[in-house]
Amino acid sequence: MAELSAGRPAASAPKDDRRLWERLRTNRNWLGFWFMAPAMAFLLLFLAYPLVLGIWLSFTDTRIGRPGEFVGLENYEWISEDTVFWGSVFFTIFYTVVASIAKFAIGLYLALLLNQHMPFKAMVRAVVLIPFIVPTVLSAIAFWWIYDPQFSIVSWSARQLGLIDTNIDFLGDPWNARWSVVFANVWRGVPFIAITLLAGLQTVPPSLYEASTLDGATRWQMFRYITYPLLTPIIAVVMTFSVLFTFTDFQLIWVLTRGGPVNATHLMATLSYQWGILGGKLGEGAAVAVAMIPFLLACIMISWFGLQRRKWQHGGRDG
């Protein structure tokens, strides 16, 4: 009897395992996990692993073609003393702030305009989307021709109108190049913000505007107390994405200027690529890339904590 009783747990163990598996397979609380598992695996493989590897490389002196050794904070000390790195930090922040503000202002104006009754509204909306649909590289090549020092259509038109005597050096002068790439980024990014805000405007009940009109509200008052509060959560989300995309921009800058002239238009992303891949210094390049993380986290946290507050959700004071 003792032997039989001792053998029961071993015999029932497979049955318990099968029951546990059945519960996990059929339990509704676990059903969402199974559906999310492929996406989680994809994110771990293509996002988490490269991120962890990049952080590790930033603490080594790895070069292309040979494994490196752990050097601690040496790479960060080296880039912190480099003027080119700090120049890229300045331009990255300048590029992100100026372009994001301009894209938001123009995108909001277009969204309000497209939300009005107008002829050929569907066609106009489709045309507005074209800059965002066109691949970034093709847009950059088009702007490269527009900014060409000899054949620029802008310089030619200005000379025909008598506004200038010589062609404008768009990409050869540091500040001209900075403003040129900012304009190209704004042109490309405005449709994303405009269409997203337009979708948000479509959800605003018309009855609110009708009631405010009966109360004698002006257009500015309707925007301030109806449109803006209801759009605030959407604005927070779309601007977070816009800032992240602008801060990590690469293709537009690399095709137009490759960081020149004299490193004036280097973003942190392009500088990381130049040092890490073209220069073969994977450790230094990874350190520059990792240095971007605090800025990106700060942007995400501002949006995240802001959306949790009722002030952002309702456009008023916390209740």
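The values are calculated or read from the model by the stated rules, or taken from the named source; none is laboratory data. Since the structure is predicted, the reported quantities are computational estimates derived from the model, not experimental observations. So basically every Cβ, Gly included, is an ideal-geometry build from the backbone, and we count neighbours across all protein chains shown.
Output yes when any residue across the range 181-191 is over 18 Å from T265 (Cβ atoms) and assigned to a helix (DSSP H, G or I), and no when none is. So far as the range 181-191 goes, yes, one or more of its residues are over 18 Å from T265 (Cβ atoms) and assigned to a helix (DSSP H, G or I). If you filter the range 24-61 down to residues that are among the polar types (S, T, N, Q) and either at pLDDT 90 or above or touching a Pro at 6+ places or on another chain (Cβ under 8 Å) (or both), you find that the one that is farthest from W275 (Cα to Cα) is T60.
Scan the range 185-194 and give yes if some residue there is in the same structural domain as L230 (by TED's automatic domain parsing), in contact (Cβ under 8 Å) with a residue 24 or more places away in the chain, in contact with an Asp or Glu (Cβ under 7 Å, 6 or more places away or on another chain) and within 17 Å of P131 (Cα to Cα), otherwise no.
yes
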